[in-house]
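Below is one structure, written out as structure tokens, with a few remarks after it.
Nothing in this text is a laboratory measurement; each read-out follows from the coordinates by a stated rule. Keep in mind that this is a model prediction, so the values were computed, not measured. Here the Cβ positions follow ideal geometry from the backbone for every residue, glycine too, while neighbour counts run over all protein chains shown.
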Amino acid sequence: MRKPLRKPSQPMAGDRMLMLNLSDHSGMMDVVVWPAQYLKYYSVLSNSEALRITGKVAESFGVSTLEAQQ
């Protein structure tokens, strides 16, 4: 598995969040880390080589995204 692409983002409300693109030989998944989880797990997200992410899958306009919960 390749190292995830990490793109910090700041929506209009001003709270920081993170968008991740994870991929392996079977495909790609976008992951959204909303502001509350971003603050809670910031040190792990910014310093880890590997991540274990749990959450729920949401679909919008035919695109699936994992919304991280931990």
With the crude spin-label approximation of a point 7 Å out along Cα→Cβ, what separation in nm comes out for D15 versus M29?
2.3
Taking only the alpha-carbon positions of region 24-68 and ignoring solvent, what does the Debye formula give for the base-10 log of I(q)/I(0) at q = 0.19, 0.24, 0.26 Å⁻¹?
-0.68, -0.96, -1.05
Run the quick spin-label model on E59 and A36: label points 7 Å from Cα toward the beta carbon, then report their separation in nm to one decimal.
2.6
